[in-house]
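For reference, the structure is listed below as structure tokens.
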Amino acid sequence: MKIFESGQRVHLVDKKGRQYALTLKAGETFQFSGDTISHDELIGKSDGSIVTLSRGKKMLALSPTVAEYTLKMPRGAQVLYPKDLALITMWADIYPGARVFEAGVGSGALTIALLQAVGERGSVTSYERRDDFARTAMRNIERFLGPVPNFQLLQRDAHEGIDCQTGDGETLYDRVVLDLPEPWHVVPHAAKALRLGGIYLSFVPTVPQITQTVDALNHTRAFGMIETFESFTRNWNIQGRSVRPDLRMIAHSGFITVARRVEQVMEVQSLSSEMTDPSIQENGDTAPDWDGG
Ligand SMILES: C[S@@+](CC[C@H](N)C(=O)[O-])C[C@H]1O[C@@H](n2cnc3c(N)ncnc32)[C@H](O)[C@@H]1O
């Protein structure tokens, strides 16, 4: 059972699912539309409890998930949406023990997701150009995760390079994850900083940014398996017989580009070689390469 303690972040959720964030501090009072509840009443309660405010309104007290926390935490820069955080951690294949380089940090939403995924055995090193954003991010990160000895946040410009040499000349990083406007300037540094087989991932909101990023990845000849994709999530309203998609959704956030650091780029097959490829059937469809498909 998780019991709320002073210093912890708690979300109070009303009947309509609206969430109100507070950081517990003995002696303080939470106020909401003329209703109040003292933090002391929440401290010692279990995660998932129902609490009653001064005028009788009932609310659910929950320990926020990463998705809930990052949507409600103070922002310097725009945060990544949970749908993109989920895809980034999966497609960058952030695993326990991984050594990750990240830039820029913004408000720290992606950093929190990366730190959770690498766990105590892994590490995250992040560059953020703006000192004010770096400070907001550090507060956000520590308020959610507590002290993070495996995290290094440096006020640096990632366009100028990624420090990646250990004493014995080994490159440091398993993964490079970028959420900044011009990732193509960082691509040559990522090629040097990533170990062979390592993964590069960047997130950008517009099509010209993808083109420049993919051009830069191809230009280095150090990356293969380059893919770009986007995602949509659409919530559904399920109330009695009213079962339908919500009227509003986030129609666009951005594009994810992923690439693998390789020793040598394999030539892309030309159309003429595809024509002689036995796996291409006469109608142009690719033949299944499994038995009985
Ligand atoms: C969109 S925000 C990142 C948001 C972050 N991923 C989050 O979820 O909270 C982009 C950040 O990149 C930083 N940035 C832009 N160019 C940079 C560079 N060359 N080096 C380091 N940081 C940079 C900006 O200051 C900004 O904070």
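Readers should treat all values here as calculations from the given coordinates under stated rules, not as data from a laboratory. Just so it is clear, the model here is predicted, and its values are computed rather than measured. Reconstructed Cβ throughout: ideal geometry from the backbone, glycine too, with neighbour counts over all protein chains shown.
Odds and ends about this structure:
Results for (1) more than 26 Å from GLU68 (Cβ to Cβ); (2) surrounded by 15 or more Cβ atoms within 10 Å (Cβ to Cβ); (3) out of contact with any Phe, Trp or Tyr (no Cβ under 7 Å at 6 or more places or on another chain), shown as yes or no for each residue.
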{"residue": "GLY108", "(1), (2), (3)": "no, yes, yes"}
{"residue": "GLY119", "(1), (2), (3)": "no, no, yes"}
{"residue": "GLY122", "(1), (2), (3)": "no, yes, yes"}
{"residue": "TYR127", "(1), (2), (3)": "yes, yes, yes"}
{"residue": "VAL176", "(1), (2), (3)": "yes, yes, no"}
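- Hits in the range 219-246 - residues which are small (Gly, Ala, Ser) and surrounded by 12 or more Cβ atoms within 10 Å (Cβ to Cβ): ALA222, GLY224, SER231
- Residue within the range 25-33 that is closer than 23 Å to LEU145 by Cα and hydrophobic (A, V, I, L, M, F, W, C) present: yes
- Qualifying positions in the range 3-17 - more than 25 Å from the chain's Cα centre (by Cα) and assigned to a loop (DSSP other than H, G, I, E, B): PHE4, GLU5, SER6, ASP14, LYS15, LYS16
- Scanning the range 203-236 for residues that are within 20 Å of PRO82 (Cβ to Cβ) and either basic (Lys, Arg) or touching a Pro at 6+ places or on another chain (Cβ under 7 Å) (or both) yields a total of 3.
- Identity of the residue in the range 140-150, outside any loop (DSSP other than H, G, I, E, B) and of a type in the set (A, V, I, L, M, F, W, C), that ends up nearest to the ligand (Cβ to nearest atom): ILE141
- Residue selection: ALA137 fails the criterion of being more than 9 Å from the ligand (Cβ to nearest atom) and more than 13 Å from the chain's Cα centre (by Cα).
- Being in contact (Cβ under 8 Å) with a residue 24 or more places away in the chain, within 24 Å of the chain's Cα centre (by Cα) and buried (at least 16 other Cβ atoms within 10 Å of the Cβ) holds for only one residue in ALA61, ALA92, and it is ALA92.
- Within the range 116-134, the set of residues being away from the ligand (no atom under 12 Å from the Cβ), farther than 22 Å from ALA193 by Cβ and over 15 Å from the mean Cα position of the chain (by Cα) comprises just one member, GLU120.
- Residues of the range 78-115 classified as among the small types (Gly, Ala, Ser), more than 21 Å from HIS189 (Cβ to Cβ) and near the ligand (Cβ under 10 Å from one of its atoms), total: 4
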